[in-house]
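Undergrad: I have a structure here, written as structure tokens, and I will follow up with some questions on it.
The values are calculated or read from the model by the stated rules, or taken from the named source; none is laboratory data. Every value quoted in this text rests on a predicted model; they were computed, and no experiment measured them. Here the Cβ positions follow ideal geometry from the backbone for every residue, glycine too, while neighbour counts run over all protein chains shown.
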Amino acid sequence: MRISILALAVSLIATPAFADEADRGDAIIVTGQRDQLKLDQKSDTGSRLGLSIMETPASVETLNQADMQFRGLRTAREAFADVPGAIAGNVPGNPAVITMRGFAGNVVSILQDGVRISSSTVVQRDTNTWHFDRIEVIKGPASVLFGEGALGGVVNKVTRKPQFDGNHMDALLSYGSFDTLMAAGGVNYQLSDTVAVRADASILRSDSLYDVDDNETRSSGLTASLLFKPSDDLSILIAVDHYNDRYDSSYQGALLIPAAYARDPSDAVRSSSGLVVDKAMRKRNYTPQGGYSGADETTIRSRIDWKLGGGWALGTDLMWYSADRAFLNNGTRSFIAPTSAFPNGSIQRGLTAFYHDHEYWNGRIALSNDSVIGDLRNRFTLGAEYNHTDFASLRETSTTSLVSSVDPFDPVVGTFPTDESLYRSQNVNFDSRLNTVSVFAEDALNLTPRWLIVAGARFDHMDLKRRVTDYLTTPNAVTNANPVYKPFSWRVGSSYAVTPDLTLYGQYTTAVSPVSSILLQSIANTRFKLTKGHSYEAGFKLAALAKRLTVTGAAYRIVQNDILTRDPTNPLQTVQGGTQSSQGVELSLGWALTDDLSMGSSFSYSDAQYDELIEAGGIDRSGNRPINVPSTTAAMNAAYHLPGTPITVSGFARHVSGFYTDTANSIFVKGRTTFDAAIAWAITDGATLTLRGRNLTDAFYGEYSGYNATDIYIGAPRSFEVSLATHF
């Protein structure tokens, strides 16, 4: 498959097929500043009412394919980390995990073409971005649109689809540091005035995207779709997506060790107990050979849009999804002080082998109307949704004696054991059957041509059947649970066009989320109700100077109630009643100063905390900052086209403030500032050669924390790549 995909990409680069028929105005040739904030385009993620981003009373960000190529964003994690106000990491069991507005993990939903398959901590993979037409992000609670889990925000990955703009081909071939190769190609073919097809393929291979020992990375994708549009009133889309990835000897971050035993201690982490990141261990990987993280996913979907006349329209979505995932790595790692056997100290390891067998199907139908009531324009949508999930997860954990300890600086990692009888610490299987029935409604009423009121509501009936089998008992112990959840979410908001260039907005919205991933929560946790959240938000959107300047700003507060805490009178008992909150401001700007010079910038500040949280032993964490939540992010980029030449130079700077890795706030990962740059040369009208450098100052910094508070994912060092993008 690698050879065939590479051959496809090379052929697309070398052969100017369809050159005369291609719409060169749509070419994805990266020669200048990424598009501005695109406030006049419609957002399917912000609402189902066909509202533009300007009209939507919420913060909506969009990265399109041209944006991602301009910025050099190869994977989902890189794209998510480029969202203003967000950071992302690559925890092996949760690739491309994202933090937004003070919340992370399963309370930030990630959609596939508008459908939420399950918690992002279960389904998200670090997919190649080539297959995305765009990534849409709505910040803050959105359960009213997509159900449970959408508290911190929603990320919607929208796959490329056929277009009726003629026949054309796109391709991208790049090679760079750490022996990283990416090849991708896509074909749009218009069979007739009513039928068009598109197919895309990609492959990425690297010794390690993080420059870590024994961490070869491979990911591939193949997507294809057919669009049948017999009239302006009817369109039918059928699509198939397949993704595969594998990360050998999964990188679990750098393990913190006492400063006294570090050979080259860094200042990237501050710890109350004197733990540091040792640069001498920067590239070390302690997962035994044969360990890996990987997934194989297939999706079949369809979308039918039918305009019924009189402003009425009917939309239906059908999706079937299947995935097999595996996670074989070090579940626990700890540093042991030097002994006679290990004079440099040792790393003691446990092992975990987790597997997912996941099937899901979803059906959604929505009836909408755009008409005039009296003299007032009114748009509304009424719909229903049903989905079914079959999920099995075998979870095996070893004792630390199963594998030998290793030297921190020169580890002999050994081989991952395959005999399942060796896993004697935990060996259980989670079987889940989840059926969800939902009804939803939205309405947007123009009280005046400038003043819009938007409201929405959603009710979900969630029936979960959970069966847990413990294979370490004789006979096997089986426990069952059958919780039923009936959440109701709603929102109300308004936008007002002060001038054609300036809109003010505000909204109040609610959300729900389980206390942990609904498909993986323990039997004990099934007795808890869903947590509830709400948010206030106000902001503005400006498109001025003939839309050469776009500025958006927002202020918000989000509160999540009923998180797990300990009973103040009995710290041995876990109860609901804790609270987490976040409030902050965000600002984004894009400005085309001249035809040759443009720039963009963003700033976000978040004051997040546990308002009420008691942990084991009655320890009060109230007032502490949540894990992996920086207070400040800022970014700036600029692009300049050298007049009279085919050369464009661009620069990128990003700052992320520090964050904590534990609820006690005893381990602090310091902030960082990184710089990237690129030089692009438009060889022809249809081909651009780009030289790109990342992390040019070779900053040594912590990107995210992992399963344990002492696991810190170190950002990739300085790297370079050269790429060739074509459009014919």
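Undergrad: Looking at G114, G153, G140, which one is under 30 Å from G186 (Cβ atoms) and either surrounded by 24 or more Cβ atoms within 10 Å (Cβ to Cβ) or among the aliphatic types (A, V, I, L, M) (or both)?
TA: Being under 30 Å from G186 (Cβ atoms) and either surrounded by 24 or more Cβ atoms within 10 Å (Cβ to Cβ) or among the aliphatic types (A, V, I, L, M) (or both) holds for just one of G114, G153, G140, which is G153.
Undergrad: Working only within the range 525-555, note down all residues that are at pLDDT below 95, assigned to a strand (DSSP E or B) and of a type in the set (D, E, K, R).
TA: Across the range 525-555, the qualifying residue is only K532.
Undergrad: Sort out for me the strands (runs of 3 or more DSSP E) sitting completely within the range 611-673 that have 2 or more residues that are within 17 Å of V83 (Cα to Cα).
TA: Details: elements: 632-641, 647-656, 667-669.
Ranges flagged: 632-641, 647-656.
Undergrad: Mind listing whichever residues of the range 65-95 are of a type in the set (A, V, I, L, M) and at pLDDT 90 or above? Before the answer, list the steps.
TA: Quick first cut of the range 65-95, residues of a type in the set (A, V, I, L, M) only: 66, 68, 73, 76, 79, 81, 83, 86-88, 91.
A66, M68, L73, A76, A79, A81, V83, A86, I87, A88, listed by residue number.
Undergrad: Now for a different question. Would you mind stating whether Y485 is crowded, with 22+ Cβ neighbours inside 10 Å and either of a type outside the set (A, V, I, L, M) or under 20 Å from R466 (Cα atoms) (or both)?
TA: Judged against the criteria, Y485 is not a match.
Undergrad: Residues of the range 111-149 being more than 13 Å from the chain's Cα centre (by Cα) and in a helix (DSSP H, G or I), which ones?
TA: Passing the criteria: W130, H131, S143, V144, L145, F146.
Undergrad: Out of everything in the range 276-319 that is polar (S, T, N, Q) and in a loop (DSSP other than H, G, I, E, B), what residue ends up being nearest to V403 (Cα to Cα)? Before the answer, list the steps.
TA: Of the range 276-319, the ones polar (S, T, N, Q) are 285, 287, 289, 293, 298-299, 302, 316.
With in a loop (DSSP other than H, G, I, E, B) added as a condition, the list becomes 285, 287.
On the way: N285: 15, T287: 10 Å.
Step by step, filter the range 276-319, then rank; the result is T287.
Conditions (1) surrounded by 15 or more Cβ atoms within 10 Å (Cβ to Cβ); (2) part of a loop (DSSP other than H, G, I, E, B); (3) of a type in the set (K, R), marked per residue:
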position	(1), (2), (3)
D443	yes, no, no
P449	no, yes, no
R458	yes, no, yes
H461	no, no, no
T469	yes, no, no
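Undergrad: Evaluate the following for L209: is it buried (at least 21 other Cβ atoms within 10 Å of the Cβ), closer than 26 Å to R692 by Cβ and modelled with pLDDT of 95 or more?
TA: no
Undergrad: In the range 182-194, how many residues are surrounded by fewer than 23 Cβ atoms within 10 Å (Cβ to Cβ), out of contact with any Lys or Arg (no Cβ under 8 Å at 6 or more places or on another chain) and not hydroxyl-bearing (S, T, Y)?
TA: Number satisfying all stated conditions: 3.
Undergrad: All but one of (1) within 23 Å of the chain's Cα centre (by Cα); (2) acidic (D, E); (3) within 19 Å of G456 (Cα to Cα) hold for E385, so report the exception by its number.
TA: (1)
Undergrad: Say whether the condition of being over 26 Å from V60 (Cβ atoms), among the hydrophobic types (A, V, I, L, M, F, W, C), touching a residue at least 40 places away in the same chain (Cβ under 8 Å) and exposed (fewer than 15 other Cβ atoms within 10 Å of the Cβ) is met by at least one residue in the range 500-523.
TA: yes
Undergrad: Assuming E136 fulfils every condition listed in (1) in contact with a Phe, Trp or Tyr (Cβ under 9 Å, 6 or more places away or on another chain); (2) among the charged types (D, E, K, R); (3) closer than 23 Å to T509 by Cα apart from one, which condition is it?
TA: Of the numbered conditions (1) in contact with a Phe, Trp or Tyr (Cβ under 9 Å, 6 or more places away or on another chain); (2) among the charged types (D, E, K, R); (3) closer than 23 Å to T509 by Cα, the odd one out for E136 is (1).
Undergrad: Something else: Among the residues in the range 342-350, are any part of a strand (DSSP E or B), among the aliphatic types (A, V, I, L, M), modelled with pLDDT of 90 or more and within 30 Å of V403 (Cβ to Cβ)?
TA: yes
Undergrad: Being touching a residue at least 24 places away in the same chain (Cβ under 8 Å) and in contact with a Ser or Thr (Cβ under 8 Å, 6 or more places away or on another chain) narrows it down to one residue among D278, D267; which is it?
TA: Working: D267 fails: in contact with a Ser or Thr (Cβ under 8 Å, 6 or more places away or on another chain).
Checking each option against the conditions leaves just D278.
Undergrad: Okay, moving on. I'm checking my understanding of the structure. Among residues of the range 478-506 that are closer than 30 Å to A544 by Cα and outside any strand (DSSP E or B), which one is farthest from the chain's Cα centre (by Cα)?
TA: Once the filter is applied, the top-ranked residue is P500.
Undergrad: Out of all the residues in the range 181-201, is one or more under 22 Å from A88 (Cβ atoms), in contact (Cβ under 8 Å) with a residue 12 or more places away in the chain and among the hydroxyl-bearing types (S, T, Y)?
TA: no
Undergrad: Can I ask one more? Quick one: D67 ticks every box in (1) closer than 28 Å to F652 by Cα; (2) in contact with a Leu (Cβ under 7 Å, 6 or more places away or on another chain); (3) part of a helix (DSSP H, G or I) bar one, so which box is it?
TA: (2)
Undergrad: I'd like the full set of residues that are surrounded by fewer than 19 Cβ atoms within 10 Å (Cβ to Cβ) and either part of a strand (DSSP E or B) or of a type outside the set (S, T, N, Q) (or both), limited to the range 592-610.
TA: Scanning the range 592-610 gives L593, D595, D596, L597, M599, S601, F603, Y605, D607.
Undergrad: Right, here's the next one. From the residues in the range 245-267 that are within 21 Å of the chain's Cα centre (by Cα) and buried (at least 19 other Cβ atoms within 10 Å of the Cβ), which one is modelled with the lowest pLDDT?
TA: Across the range 245-267, the extreme among qualifying residues is S250.
Undergrad: Pick out the one residue from N106, N90 that is in contact with a Pro (Cβ under 9 Å, 6 or more places away or on another chain) and buried (at least 24 other Cβ atoms within 10 Å of the Cβ).
TA: Result of the check over N106, N90: N106.
Undergrad: Do we find a residue being under 22 Å from the mean Cα position of the chain (by Cα), buried (at least 17 other Cβ atoms within 10 Å of the Cβ) and not hydrophobic (A, V, I, L, M, F, W, C) anywhere in the range 638-651?
TA: No, there is no match, as no residue in the range 638-651 is under 22 Å from the mean Cα position of the chain (by Cα), buried (at least 17 other Cβ atoms within 10 Å of the Cβ) and not hydrophobic (A, V, I, L, M, F, W, C).
Undergrad: Do you know which residues across the range 358-414 are closer than 30 Å to V468 by Cβ and among the hydroxyl-bearing types (S, T, Y)?
TA: Y360, Y386, T389, S393, T397, S398, T399, T400, S401
Undergrad: Given the criterion surrounded by fewer than 17 Cβ atoms within 10 Å (Cβ to Cβ), of a type in the set (S, T, N, Q) and assigned to a strand (DSSP E or B), identify the matching residue among S432, S371, S404, S393.
TA: Every option except S371 fails the conditions.
Undergrad: I'd like the residue in the range 686-728 that is small (G, A, S), touching a Gly at 6+ places or on another chain (Cβ under 8 Å) and not in a strand (DSSP E or B) and, out of all such residues, is surrounded by the fewest Cβ atoms within 10 Å (Cβ to Cβ).
TA: A699
Undergrad: Quick one: would you say D443 is of a type in the set (D, E, K, R) and modelled with pLDDT under 95? Give the steps one after another, and end with the answer.
TA: On the way: of a type in the set (D, E, K, R): yes; modelled with pLDDT under 95: no.
In short, no.
Undergrad: If you take the residues in the range 540-583 that are crowded, with 22+ Cβ neighbours inside 10 Å and among the small types (G, A, S), which one is farthest from A511 (Cα to Cα)?
TA: So, considering only residues that are crowded, with 22+ Cβ neighbours inside 10 Å and among the small types (G, A, S), the one farthest from A511 (Cα to Cα) is A543.
Undergrad: Taking L520 as the residue in question, decide whether it is modelled with pLDDT under 90, among the hydrophobic types (A, V, I, L, M, F, W, C) and under 28 Å from the mean Cα position of the chain (by Cα).
TA: Yes: the conditions hold for L520.
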